[in-house]
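The values are calculated or read from the model by the stated rules, or taken from the named source; none is laboratory data. From a predicted model like this one, the values you see are computed outputs, not experimental measurements. Ideal geometry is used to build each Cβ from the backbone, glycine not excepted, and the neighbour counts take in all protein chains shown.
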Amino acid sequence: MPTPIENIRNFSIVAHIDHGKSTLADRLIQLTGAMDAREMAGKEQVLDNMDIERERGITIKAQTVRLNYKAKNGQNYVLNLIDTPGHVDFAYEVNRSLAACEGSLLVVDASQGVEAQTLANVYQAIDNNHEIVPVLNKIDLPAAEPEKVKAQIEEVIGIDASGAIGISAKTGEGVPDVLEAIVEKLPAPKGDRNAPLKALLVDSWYDAYLGVVVLVRIIDGTMRKNQRIRMMGAHAAYDLDRVGVINPKKTEVDELGPGEIGFFTASIKEVADTRVGDTITDDRKPVDTPLAGFRPAQPVVFCGLFPVDAADFEALRAAMSKLRLNDASFSFEMETSAALGFGFRCGFLGLLHLEIIQERLSREFDLELIATAPSVIYEIRQTDGTVMELHNPVDMPDVVKIAEIYEPWIRATILTPDEYLGSVIKLCQDRRGNQKNLSYVGARAMVEYELPLNEVVFDFYDRLKSISKGYASFDYKMDDRRPGDLVRLSILVNNEPVDALAMLVHRTRAESRGRAMCEKLKELIPPHMFQVPIQAAIGGKVIARETVRALRKDVTAKCYGGDATRKRKLLEKQKEGKKKMRQYGKVDIPQEAFIAALKVDG
Amino acid sequence: MADAFGVYVHWPFCLAKCPYCDFNSHVRHEKPDEARYARAIASELAYLKPRTDAREVTSIFFGGGTPSLMQASTVQSVLDEIAKRWTISSSAEITLEANPTSVEAERFRGYRAAGVNRVSLGVQALDDVSLKNLGRMHSAQEALAAVEVARENFPRISFDLIYARPDQSPQAWREELTKALAFAPEHLSLYQLTIEPGTTFEMLHRAGKLKTPDADTSRALWDVTQELCEARGMPAYEISNHAKAGAESRHNLVYWRYQEYVGVGPGAHGRIGADGARIATSTEKNPERWLSRAETSGHGLIEEEKLSKLEQADEMLVMGLRLAEGIDVARFERLTGVSLNPERVSFLESEGLVERSNDARLRVTASGFPLLDAIVADLAA
């Protein structure tokens, strides 16, 4: 029996990292009996599936669960929880997940208060016309200040917090009230059962048994097994193999009706064939206009990934193909580097996405990798009138052929305690930012900046965190492309340019960046038998220079018959160590030099 | 040259442990039963004999520990045991390491009578403060007197000095080495002080109580050493060993030329078997445990490992490039089955760190020697 639409509630949880989103989700699952304590025991948090998600306390893939709840009014309800990714890199995915719901629980740690990331997501929820139910978590902590936090929610976010529910997700206190509030305060979805099928593609993933599984929210009409559906953005049609709900096991149902959230499978080969935000309709009786807001995933940050051990190249290719099965937003193509050998040029949604992919490659596939400097997409207008997109500084054409270079800009929102505002502004100014707005939300400053993305991909988060002692938070959206006076900064080690260290920088920033990189490399390149000059150059012009002094003395004083074994073993170790360096020309460059040089602040 | 074959005898006992020393040395309150040790050494020799390739012993070396604590009769009986199993060449070099104290100098005549024809004296420094800091039990004067006694008794002598000591300036070392050279030795071992793991010096060093010279000073001290010795006609024939032509230690050359040698006694190492099929041996380090092993199973060996070609090649590089004469490239290639990487060789050549001679040898140049370990690592990589 399909659930009557008025007894459905679709909601997501908006919260800052560590404010207890996943713990609350677990409680809701437990209370509604979707999983018992025994089933849950083996898992730390039910909805965060990946190790990295659990460790970092972030959600990368949207997760969903359908809960059956008998409310105090005696009626049975279906509550669909969509757990959304909580990071700017995945802002689009968050937006689409929110679009599948009518309301949100705003979870705020009663001992910490509102954080900037909470703001970004709650504004998105408000933009999606969500009804917001404030929930104050961790009220059992001695440091909890529920009244103060309520006031803050009202002041900063501008919503009524008088009815905020105090809970402890950890002990379960207050959680039943949350279930009641979902039923009472959130609106039921609306939709026309008799209209042609119109559904939102919320997410998709690869399942080893089922193939590609697609998560959908039905807006109008119904979806059933064997129906032929059409993905309007992808221009593809499929016959549905299975239609079901996730509770949290995948359970097949006869049909999904308006307002429902569920999944389907069809003969879809890879996740890349599905696009988050796409509109799904009936192939024989399609709707005329797709849902608004669809945007294909576009990588905005690129970097080269190379195996430390050249023999791992094929293993890296296989691992990347496997990851891409489940993550269509990640792209890669083969690249060769004089310094690093064979590897891949990879595209990501943002820096966190880049880090996650790198981490998954090393953890799940046991691959040791070297990553080159992150780069954005530059648009190069050439003197002959042609336009090229540049993903890799190595491919930059000769300067005489370049008329203009356009670079992507972002619109950034930074929330910071007032005491760090000066440093934050300085950082943004140093990174070529234009201040657009400055206001206060409570005791905190909210500053908006236009920033070139290439300044942000270069160690901006880490700097922001360190200058604000971790208190500032940051959110951004892509803006437009603007012309910039950009030059290619080359790094020469022992007079040879190291391709993996080349980058495009703004002319005004080139010298300090070049100097900082040379200094860092000087620290990290061990002394050789000869002196090693390190230079930063623009074209043929050297703008910074350092020298690694030659080894002065490196010789064992005593070595007799009894020392042969020990010395041989030492030599074997040295050889192993050398394998971990990149021999570049005559110079051994340690891997950490490639990584650290890209983190210098210049 | 290829027939050189050495026998090394380790005598592990010392009256006191020097704070810089990481050799296999042990201090015992009671004097060891020398006859028992000599019998155990004899059985170890008997065990190793059929495993060696060579027939004629060209050198014997009593090292330690402090072999000059041995009675001359013990030395005599060990030499007799060696002679029972191999021919000892009439020109064999028989060296014994000695502490330069007056007590030990009294035994020199006996050692000579037993057949020892070379002593190597652990003088270590020529000023009393340094000697005390190095934990030595002799004064500079006593040491030099012992050198004199040694010269009267033995056809060939050598002594050791340790330099690059804490706070030692190149100028102070220049004076000290000049004084040492005035004693007209034909062989000198000059070691830069190295902080070895597990020693008292290492503890002090880690605690910041012992400062060794920085790389620049250490290099300057090295340069002084080469300069003075060369001026006296005693260039380094090995990193830390200087000799007049013909006065080189033949026994130590066996190691550096990667020839065959057996090692007997507690903690002794050997490389036995023909070129290309070399076996690494080592014995139990603890004297009492070694003794009981040797008495029950006929030998105290705890390791007899056939070395791979690559391991032999590595050892040949590590040892051979320490010599001014360098390595025989053809022999190296025979051992390993691969050639030295020509790119690395020509790079090192272009940097003036190694040179190839027309007699097909590869050697490290004077400017390469201070960087030897880096050069070896580069060639072996």
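Computed values, structure above
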{"item": "Residue match in region B:334-343 (condition: surrounded by 15 or more Cβ atoms within 10 Å (Cβ to Cβ), part of a helix (DSSP H, G or I) and more than 8 Å from chain A (Cβ to nearest Cβ))", "result": "yes"}
{"item": "Filtered residues of region B:174-205 (kept if assigned to a loop (DSSP other than H, G, I, E, B) and either away from chain A (no Cβ under 14 Å) or acidic (Asp, Glu) (or both))", "result": "B:182, B:183, B:184, B:185, B:186, B:196"}
{"item": "Qualifying residue in region A:564-582 (condition: touching a residue at least 12 places away in the same chain (Cβ under 8 Å) and surrounded by fewer than 18 Cβ atoms within 10 Å (Cβ to Cβ))", "result": "yes"}
{"item": "Conditions (1) surrounded by fewer than 20 Cβ atoms within 10 Å (Cβ to Cβ); (2) out of contact with any Asp or Glu (no Cβ under 9 Å at 6 or more places or on another chain); number of the one not met by residue A:514", "result": "(1)"}
{"item": "Test: residue in region B:55-72 that is within 14 Å of chain A (Cβ to nearest Cβ), farther than 22 Å from residue B:298 by Cβ and part of a loop (DSSP other than H, G, I, E, B)", "result": "yes"}
{"item": "Residue in region A:110-131 that is surrounded by 22 or more Cβ atoms within 10 Å (Cβ to Cβ), under 21 Å from residue A:185 (Cβ atoms), at pLDDT 90 or above and out of contact with any Cys (no Cβ under 8 Å at 6 or more places or on another chain) present", "result": "yes"}
{"item": "Selected residue (only one of B:196, B:176, B:104 is acidic (Asp, Glu) and modelled with pLDDT of 95 or more)", "result": "B:176"}
{"item": "Boolean, residue B:209 is over 25 Å from residue B:320 (Cβ atoms), in a loop (DSSP other than H, G, I, E, B) and more than 20 Å from the chain's Cα centre (by Cα)", "result": "yes"}
{"item": "Members of region B:358-374 that are in contact (Cβ under 8 Å) with a residue 40 or more places away in the chain, hydrophobic (A, V, I, L, M, F, W, C) and within 12 Å of chain A (Cβ to nearest Cβ)", "result": "B:364, B:369, B:372"}
{"item": "Lone qualifier among B:46, B:35 - being surrounded by fewer than 14 Cβ atoms within 10 Å (Cβ to Cβ) and under 20 Å from residue B:295 (Cα atoms)", "result": "B:35"}
{"item": "Residue match in region B:121-130 (condition: in contact with a helix residue (DSSP H, G or I) (Cβ under 8 Å, 6 or more places away or on another chain) and farther than 27 Å from residue B:180 by Cβ)", "result": "no"}
{"item": "Pair list, Cβ under 8 Å, 6 or more apart: region B:329-340 residue free of Cβ contacts under 8 Å to residues at least 12 places away in the same chain, other residue of a type in the set (S, T, N, Q) and exposed (fewer than 13 other Cβ atoms within 10 Å of the Cβ)", "result": "B:333/B:339"}
{"item": "Residues that are crowded, with 17+ Cβ neighbours inside 10 Å and outside any strand (DSSP E or B), drawn from region B:89-109", "result": "B:99, B:100, B:101, B:104, B:105, B:107, B:108"}
{"item": "In region B:322-331, the residues that are more than 10 Å from chain A (Cβ to nearest Cβ) and either among the small types (Gly, Ala, Ser) or under 15 Å from residue B:253 (Cβ atoms) (or both)", "result": "B:323, B:324, B:325, B:326, B:327, B:328, B:330, B:331"}
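Quick grid of which residues meet (1) within 30 Å of residue B:370 (Cα to Cα); (2) crowded, with 22+ Cβ neighbours inside 10 Å; (3) touching a residue at least 24 places away in the same chain (Cβ under 8 Å); (4) under 16 Å from the mean Cα position of the chain (by Cα):
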{"residue": "B:280", "(1), (2), (3), (4)": "yes, no, yes, no"}
{"residue": "B:306", "(1), (2), (3), (4)": "no, no, yes, no"}
{"residue": "B:310", "(1), (2), (3), (4)": "yes, no, yes, no"}
{"residue": "B:314", "(1), (2), (3), (4)": "yes, yes, yes, no"}
{"residue": "B:321", "(1), (2), (3), (4)": "yes, yes, yes, yes"}
{"residue": "B:325", "(1), (2), (3), (4)": "yes, no, yes, no"}
